[in-house]
């Protein structure tokens, strides 16, 4: 998964903060699962019919310079609406996580170095996410992954879109009005009388 767009602080239905200072040098693994209230709030935020499950298994590894590398995956099941039939359907998601976090003071400098690398042909990494107030919020990270992993146009496996068939009335074609104004061309044209 690439760098997700951050949600606003007022839209954080699943919060599982972990203090960076408490991460040992060998790293730390965390398995998290959204509870019923968190899943309901996620569904509301994402415009979903529901979130049946949302789980994450993550590994946080400290890197020198105050950075933290977060890897793992987020998976679960949500309720969506089929874009063809408008029936409710359930969709599974399974997103890989591979993100770097850094102190906010380093973000701008690192982002600028990424911008300079864009001109090269090699694939450039995304700039890191900020470590906010000394914490990384695993729940927020997982929520972002849930929304990124969803199909924006979900459809039932057997759903086929069939455009409505329009029956064209010959009297309603674009030139029908012109024909009416011109009159019936097949009618005989009256002859002028001879003489005066």
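The values are calculated or read from the model by the stated rules, or taken from the named source; none is laboratory data. Since we're looking at a predicted model, the values are computed, not measured. Cβ sites come from the backbone with ideal geometry, for glycine too, and all protein chains shown count toward neighbours.
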Taking region 54-66 as the region of interest, how many residues are at pLDDT 95 or above and either under 30 Å from residue 106 (Cβ atoms) or surrounded by fewer than 16 Cβ atoms within 10 Å (Cβ to Cβ) (or both)?
8
Please count how many residues of region 74-96 are out of contact with any helix residue (DSSP H, G or I) (no Cβ under 8 Å at 6 or more places or on another chain) and either crowded, with 18+ Cβ neighbours inside 10 Å or in a strand (DSSP E or B) (or both).
10
Residue check for residue 59: more than 14 Å from residue 129 (Cα to Cα), out of contact with any helix residue (DSSP H, G or I) (no Cβ under 7 Å at 6 or more places or on another chain) and part of a loop (DSSP other than H, G, I, E, B)
no
Out of the residues in region 138-164 meeting the condition of being outside any loop (DSSP other than H, G, I, E, B), out of contact with any helix residue (DSSP H, G or I) (no Cβ under 8 Å at 6 or more places or on another chain) and crowded, with 17+ Cβ neighbours inside 10 Å, tell me which one is modelled with the lowest pLDDT.
149
Out of (1) more than 13 Å from residue 139 (Cα to Cα); (2) outside any strand (DSSP E or B), what's the single condition that is false for residue 29?
(2)
Among (1) touching a strand residue (DSSP E or B) at 6+ places or on another chain (Cβ under 8 Å); (2) at pLDDT 95 or above, there is one condition residue 36 misses while meeting the rest; what is its number?
(1)
Within region 109-127, the residues that are at pLDDT 75 or above and either in contact with a helix residue (DSSP H, G or I) (Cβ under 6 Å, 6 or more places away or on another chain) or over 30 Å from residue 39 (Cβ atoms) (or both) are 127
